[in-house]
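Notes to accompany the following structure.
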């Protein structure tokens, strides 16, 4: 039986369309969350919700939390969704319809889009066997006003992803000073001497939900310290382990960089994965 996905609703109406005057379409004026859903439940929803509301406040988009929850509950209780153990929920909120020009509308009526897509098991082959990655040529710009937010303008990441086809699972992104920031759809951690190191995202990058989960829950559970700060690109060459995190795919061990084997043992990465499996269960 083929999955009937995606299932899309706009402001609670199934298969509705978005106006071409919507500021999310015209300017990328909005934000989104992509969530792993297990049997109609989003295990890390509290973190997703907190980031969404915080980001909306920074962007001055007045999100109606009760309205959002109503639309989300309506989508998740769809009998079709509950037939599948693993799905992906994407929530997009824009500033809504506005006139031509950058000036904010006097009256803002946000657009709420809920999409449910086919998912895959957490313990996928890439989760179990590790991934090949490359270092992208594109360099991320610094913009503290937008740093950490999962806003709708992802052109930097689109151009970075255009640098390869399917020979790599991910691309690592650096800033103009050749410091590691993130990957195109994930955050990155380097392990050295039984300590985790992950980039500071106060200037650029997306503060991922799985990144937060690892920092606040998974790493403390196995007594591994986490250091947040500058991570030079050279750190990749001397790392004991390298891993990627994403709220949908979980934790991926990095086994090759640009086709060169890293020869990493991933002992700590495997412990973190086991903690994640227990958490999501």
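The values are calculated or read from the model by the stated rules, or taken from the named source; none is laboratory data. Quick caveat, the model's predicted, so the values are computed rather than measured. A quick note on method: Cβ atoms are made from the backbone with ideal geometry, for glycine too, and the neighbour counts reach across all protein chains shown.
When residue 193 is tested against (1) on the phi > 0 side of the Ramachandran plot; (2) without any contact (Cβ under 8 Å) to a residue 12 or more places away in the chain, just one condition goes unmet, and that condition is (2). The combined condition, being at pLDDT 95 or above and either in contact with a helix residue (DSSP H, G or I) (Cβ under 7 Å, 6 or more places away or on another chain) or assigned by TED's automatic domain parsing to the domain that holds residue 250 (or both), is fulfilled by residue 96.
Restricting attention to segment 22-39, the residues that are within 16 Å of residue 248 (Cβ to Cβ) and part of a loop (DSSP other than H, G, I, E, B) add up to 1.
Look at residue 230 and say whether it is surrounded by fewer than 22 Cβ atoms within 10 Å (Cβ to Cβ) and more than 17 Å from residue 129 (Cα to Cα). Yes: the conditions hold for residue 230.
Residue-level check: of (1) under 17 Å from residue 133 (Cα atoms); (2) out of contact with any helix residue (DSSP H, G or I) (no Cβ under 7 Å at 6 or more places or on another chain); (3) buried (at least 19 other Cβ atoms within 10 Å of the Cβ), residue 165 misses just (3).
Looking only at segment 185-221, count how many residues are assigned to a loop (DSSP other than H, G, I, E, B) and crowded, with 22+ Cβ neighbours inside 10 Å. Reasoning before the result, please.
First, the residues of segment 185-221 that are assigned to a loop (DSSP other than H, G, I, E, B): 185-186, 193-194, 200-205, 207-208.
The next check asks that each one be crowded, with 22+ Cβ neighbours inside 10 Å; those that pass are 186, 204-205, 208.
Matching residues across segment 185-221 total 4.
Which members of segment 159-177 meet the condition of being touching a strand residue (DSSP E or B) at 6+ places or on another chain (Cβ under 8 Å), assigned to a loop (DSSP other than H, G, I, E, B) and under 22 Å from residue 229 (Cβ atoms)? Passing the criteria: only 176.
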